[in-house]
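What follows is calculated from the coordinates using simple rules that are stated; it is not laboratory data. Because the structure is predicted, anything quoted here is derived from the model rather than measured. Because the Cβ atoms are built from the backbone with ideal geometry, glycine has one as well, and the counts that use them run over all protein chains shown.
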C-alpha cells in the first residue's frame, strides 16, 4: 500500500515536471535552435533538429510516465481485491467446503486460534402452500448480505435449500455473535417480491465455537446445526449458541 501511495506522489511530481517542461519549451526551443545554428546548422535545419530533440524527449518522458501510471493502477486494483470482501466472496459446494474447512482447522491448530461456525436457515415468514418456490430469490439476497456481513477470511458454503454454513477462522463466540447479529440486522430489513407478493424473511442462526485443542470440522458443524434447529423452533429471527463445551 505504501508503494501505491508513493507512486501517487511520483505521478503528481512527474505531472508537474512534465508541465514545466512543456510550458518552458517556448523559451528554450529558440535558444536550442540558435545554439545548433551557431554550431554550423542551417537556420531551417537547426529549427527542425531542435523540434526533433524536443519531441524525442517529450515522447520518452510520456512513455515513462504512462508506464508508471499503469503499474500503479494495477497494483491499486490488486490491493483493492485483497481488502474488498465482496470480490473475494465465493459460495462453496459441499466438497469444496469440507476440503477448505479441514485446511482451516489445521491452520487454527498450528496458530492456537479459536474457530466458530454459523449454520443459517432463511425462510419467508408468510409463504403458504401453492405459492411458487422463491428459494432462488432468497439466495440472491442472502448471498449479497453475506458478502457485506462476513470477513475476507470467512468461508461460506451452501448444501441445502435456503441453508448456509459460515466457517469463521480465528473467531471466538463473542465475535461470532457480532457477525451473526450484523447479518441478522441486514436481513431483517429485506423483503422478497415475487409475482406482486411481498415476503418478509426470517433468519434462524446457530453458532458453535471450538478451541484450537478440540477443533474439528465435523463437530463444529454438528454443534452449529444443533443450535440452528433450536433456533428454528422459536418465532422470528433468532440466534442460538451451542450448548456443547469448547
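Data table
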| quantity | calculated |
| --- | --- |
| Inter-label distance for residue 188 and residue 57, nm, one decimal - labels placed 7 Å from Cα along Cα-to-Cβ | 6.8 |
| Spin-label model distance (nm) - residue 135 vs residue 95, 7 Å beyond Cα toward Cβ | 2.0 |
| Cβ crowding within 10 Å averaged over residues, with 140-152, 166-178, 199-211 ranked highest first | 199-211, 166-178, 140-152 |
| Rotationally averaged projected area of the range 86-241 (alpha carbon convex hull; nm²) | 8.9 |
